[in-house]
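**Q** To start, I am sharing the structure in question, which I have written as structure tokens.
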Amino acid sequence: MRHIISILIENESGALSRVAGLFSARGYNIESLTVAPTEDPSLSRMTLVTRGSDDIIEQITKQLNKLIDVVKLIDLADSDHIERELMMAKIKTTEQTREEIRSLAAIFRGSIIDVTPTTYVVEMTGPSSKLDAFIAAIDGDTIIEVVRSGPTGISRGEKGLHL
Amino acid sequence: MELNGAQIVIQSLKDEGVEFIFGYPGGAVLHLYDAIFQQDDVKHILVRHEQGATHAADGYARATGKPGVVLVTSGPGATNAVTGIATAYMDSIPMVIISGQVPSPVIGSDAFQEVDMVGITRPCVKHNFLVKDVTKLAETIKKAFYVATTGRPGPVVVDVPKDITDPRIKVPYKYPKKVSIRSYNPAVTGHKGQIKKAVDLLLTAQKPIIYSGGGVILGEASKELTEFAHTLGFPVTNTLMGLGAYPSTDKQFVGMLGMHGTYEANMAMHESDVIIAIGARFDDRVTGKLDEFCPHAQIIHIDVDPASISKTVKVAIPIVGQVKPVLEQMLELIRESKKKPSKKALENWWNQIDQWRAVKCLEYDRESRLIKPQYVIEQLYEVTKGEAYVTSDVGQHQMWAAQYYPFDKPRRWINSGGLGTMGFGLPAAIGVKLAFPDSDVACVTGDASIQMCIQELSTALQYKTPVKIINLNNSYMGMVRQWQEFSYESRYSHSYMDTIPEFVKLAEAYGHVGMRIDKPEEVRPALEEAFAMKDRTVFLDILTDRTENVYPMIESGKGHHDMTLRVAPGTSTDRELA
């Protein structure tokens, strides 16, 4: 099953490699990994998407917690949460397809943020599955480049991951 | 007080109460060695290879319970230390390794003797630090000791660039009494509800067994374990790492379990209905085939490391906490409880165990005209009255030492269990002897293992650490040969030692006493003579039966009940190898 693990980690050099190294050393897979500083500059927030059986996810969270730099973590799959991913897609256009791509982007609540005579860059955020659906709806031959941030997530309600 | 970085390192070690640093100098640590030269409080032990430094510090730590301290230079000094760091990591041994690094401004430029020590050691340390600011040096060292010695212990590396130890840069020094790390809060006591559940389960058990490991030794809980077992009347088995945590000569002890464990220990595990695992981690050498591991048992697991629990074997009642306080909590509940373990059930259980014991799985041919390695260990036990510190290398001799030297006290059996590092025994013995100069220290080794750190014989002379080296010489890498005999139709691919040195001359060349023993009747007198030479390191080169195998054995992929036993007791096992 797919899990989104959200980690508060010391904002120190080497912290990211400890997490990445743990996954490769123990043979766990990482589907995506995003990391950025938080409102507290001493902490980074890392969102990691992985897949595995319940036993493996349990081991992953325990092993992550064992890292000295990891301050706190939650498995967002355990509770109600919101997931968002940012995508930018560069698409080849022609006179005939420009209108269609514009309306498709509008349906998915995307916006066109760069225009040249032959291309559009569509920006879109949403759950990963929505971004997948947009890509599937576009003619694959027209895609020049797709950049995705990997998902980040936050739990619903008053509960939060903080010190 | 204002000190430079080099002085800060040494003063911090002194304030931490460190007795010995095991190390080897080099370019990146010259400032540190100059600071060592100018003081007498912390003694430096100069080894002959950095691997020896880590094993010696490790042996010291295992025997004393205090953290071992290592100092190596950058580059090759650091990489040579990695095997010893990984050895300590696998067995959860507290160590602090200070490695020199090239000066900060040239880090990353492939400078002379530069290696990314923090990167290289990341998977085999509990934590590591790169010091970037001399004003943080003392605090970092304190943190290193704190992390290394608390929770589940382990090695911590502090990588110190040369400019940080620059003698010209002085800063105010104060060694912190305490440090806290917001992301590191190891558990102490166990969850009360879980402990209650565990006690309830234990008191209803019909065929219980206590399976305890190295965590009991690390957690200084031997006394509590013994009391716990005696109160309940349950059988106890120890892992290789746990030997000595429970007295081996106690009647409730059924021996070591696992691949070369006793028949009674493994059968009792297999047939048990309740297992309490205490400071043990269900290592693959213990469990054998996981699908067949203890099929009837409900398992309680006490461990300070939550990641050890349900890692390979699912347990019914996990208890995260230090072994000692958890056992104390359990004992209190057991004493208060009106329920008592069923006498009738335990009597039946012990009768069954006695039948397994009657198989006498550790019997061997005592009439042999050859020296049996088991006999040597038994004689070693008698000559040292069971009181010696015994270190070992890795292989057959290690298993025989574990099987035939019944340890009654914790911290007496010192071996590389998890990583299985050949070359560990001799430097570890030197570390132990430094800590306990008045005790007998034996290094049980083999002709292959001893050659992996033999250069430390020179260290043993320099620091007058008169250890006794018991070399069970069968001109083979015995354990490799045994596996080749069992699993590869006796194709002994590169498991022989074609040109073994004359160990007696070698020992003499290093300034020690060498003895060669090739008849069974010479073994006892030679051991007595060696241990009587209190101030000399003695190398006993004992030519043993080349064909001897370690039994019992659970071959890989088999369960506890599927053991290979030696041929029937009383028959000769002398034979020629194909």
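**Q** Looking only at segment B:436-456, count how many residues are crowded, with 24+ Cβ neighbours inside 10 Å and assigned to a helix (DSSP H, G or I).
**A** 3
**Q** Continuing with the same structure: Taking segment B:311-334, which residues are surrounded by 17 or more Cβ atoms within 10 Å (Cβ to Cβ) and in a loop (DSSP other than H, G, I, E, B)?
**A** B:LYS311, B:VAL313, B:VAL315, B:GLY321, B:GLN322
**Q** Could you list all residues from segment A:44-102 that are under 24 Å from B:SER308 (Cβ atoms) and either assigned to a loop (DSSP other than H, G, I, E, B) or polar (S, T, N, Q) (or both)?
**A** Within segment A:44-102, A:THR50, A:GLY52, A:SER53, A:GLN59, A:THR61, A:GLN63, A:ASN65, A:LEU67, A:ILE68, A:ASP69 qualify.
**Q** Something else: Can you tell me which condition A:ALA15 does not meet? The list is (1) surrounded by fewer than 17 Cβ atoms within 10 Å (Cβ to Cβ); (2) modelled with pLDDT under 95, and all the others hold.
**A** So A:ALA15 meets the others, but not (1).
**Q** So B:THR312 passes all but one of these: (1) farther than 26 Å from B:THR204 by Cα; (2) within 14 Å of chain A (Cβ to nearest Cβ); (3) of a type in the set (S, T, N, Q). Which condition number does it fail?
**A** Failing condition for B:THR312: (1).
**Q** May I ask you to list the residues in segment B:97-127 that are within 12 Å of chain A (Cβ to nearest Cβ) and more than 15 Å from B:ILE164 (Cβ to Cβ)? Give the steps one after another, and end with the answer.
**A** Residues of segment B:97-127 within 12 Å of chain A (Cβ to nearest Cβ): B:107-108, B:116-127.
Within segment B:97-127, B:GLY108, B:ASP116, B:GLY119, B:ILE120, B:THR121, B:ARG122, B:PRO123, B:CYS124, B:VAL125, B:LYS126, B:HIS127 qualify.
**Q** Hey, another quick one. Which one is nearest to B:ASP91 (Cα to Cα) among residues in segment B:294-309 that are of a type in the set (A, V, I, L, M, F, W, C) and more than 14 Å from chain A (Cβ to nearest Cβ)?
**A** Just the residues of segment B:294-309 that are of a type in the set (A, V, I, L, M, F, W, C), to begin with: B:294, B:297, B:299-300, B:302, B:304, B:307, B:309.
With more than 14 Å from chain A (Cβ to nearest Cβ) added as a condition, the list becomes B:294, B:297, B:299-300, B:302.
Values: B:CYS294: 24, B:ALA297: 26, B:ILE299: 23, B:ILE300: 22, B:ILE302: 17 Å.
Only one residue fits best here, namely B:ILE302.
**Q** Say whether the condition of being more than 14 Å from every other protein chain (Cβ to nearest Cβ), surrounded by fewer than 14 Cβ atoms within 10 Å (Cβ to Cβ), under 21 Å from the mean Cα position of the chain (by Cα) and of a type outside the set (Asp, Glu) is met by at least one residue in segment A:82-96. Step through it out loud before you land on a result.
**A** Looking only at segment A:82-96, we keep the residues that are more than 14 Å from every other protein chain (Cβ to nearest Cβ), and these are A:82-96.
Checking which are surrounded by fewer than 14 Cβ atoms within 10 Å (Cβ to Cβ) leaves us with A:82, A:94-96.
With the extra rule that they be under 21 Å from the mean Cα position of the chain (by Cα), the set shrinks to A:82.
If we keep only those that are of a type outside the set (Asp, Glu) too, we end up with A:82.
Checked segment A:82-96: at least one residue is more than 14 Å from every other protein chain (Cβ to nearest Cβ), surrounded by fewer than 14 Cβ atoms within 10 Å (Cβ to Cβ), under 21 Å from the mean Cα position of the chain (by Cα) and of a type outside the set (Asp, Glu).
**Q** If the requirement is being within 24 Å of B:ASP166 (Cβ to Cβ) and either without any contact (Cβ under 8 Å) to a residue 12 or more places away in the chain or in a loop (DSSP other than H, G, I, E, B) (or both), which of these qualifies: B:SER74, B:SER12?
**A** Details: B:SER12 fails: either without any contact (Cβ under 8 Å) to a residue 12 or more places away in the chain or in a loop (DSSP other than H, G, I, E, B) (or both).
Testing whether each residue is within 24 Å of B:ASP166 (Cβ to Cβ) and either without any contact (Cβ under 8 Å) to a residue 12 or more places away in the chain or in a loop (DSSP other than H, G, I, E, B) (or both) leaves just B:SER74.
**Q** Here's a follow-up. Give segment A:1-38 a look and list any residue that's within 17 Å of B:LEU130 (Cα to Cα) and assigned to a loop (DSSP other than H, G, I, E, B), or say none.
**A** Within segment A:1-38, A:ASN11, A:GLU12, A:SER13, A:GLY14 qualify.
**Q** Here's something else I'd like to know. So A:ALA106 fits all but one of (1) touching a strand residue (DSSP E or B) at 6+ places or on another chain (Cβ under 8 Å); (2) in a helix (DSSP H, G or I); (3) away from every other protein chain (no Cβ under 14 Å); what number is the exception?
**A** (1)
**Q** Output yes when any residue across segment B:154-166 is among the aliphatic types (A, V, I, L, M), within 14 Å of chain A (Cβ to nearest Cβ) and surrounded by fewer than 21 Cβ atoms within 10 Å (Cβ to Cβ), and no when none is. Break it down stepwise before answering.
**A** Filtering segment B:154-166 down to residues among the aliphatic types (A, V, I, L, M) leaves B:156-158, B:160, B:164.
Applying the additional criterion that residues be within 14 Å of chain A (Cβ to nearest Cβ) yields B:156-158.
From the residues that got through so far, the ones that are surrounded by fewer than 21 Cβ atoms within 10 Å (Cβ to Cβ) too are none.
Scanning segment B:154-166, I find no residue that is among the aliphatic types (A, V, I, L, M), within 14 Å of chain A (Cβ to nearest Cβ) and surrounded by fewer than 21 Cβ atoms within 10 Å (Cβ to Cβ), so the answer is no.
**Q** How many of the residues in segment B:228-263 are closer than 16 Å to B:SER392 by Cβ and of a type in the set (A, V, I, L, M)?
**A** 5
The values are calculated or read from the model by the stated rules, or taken from the named source; none is laboratory data. Predicted model only: the values in this text are computed from it and were never measured. Backbone-built Cβ (ideal geometry, glycine too); neighbour counts: all protein chains shown.
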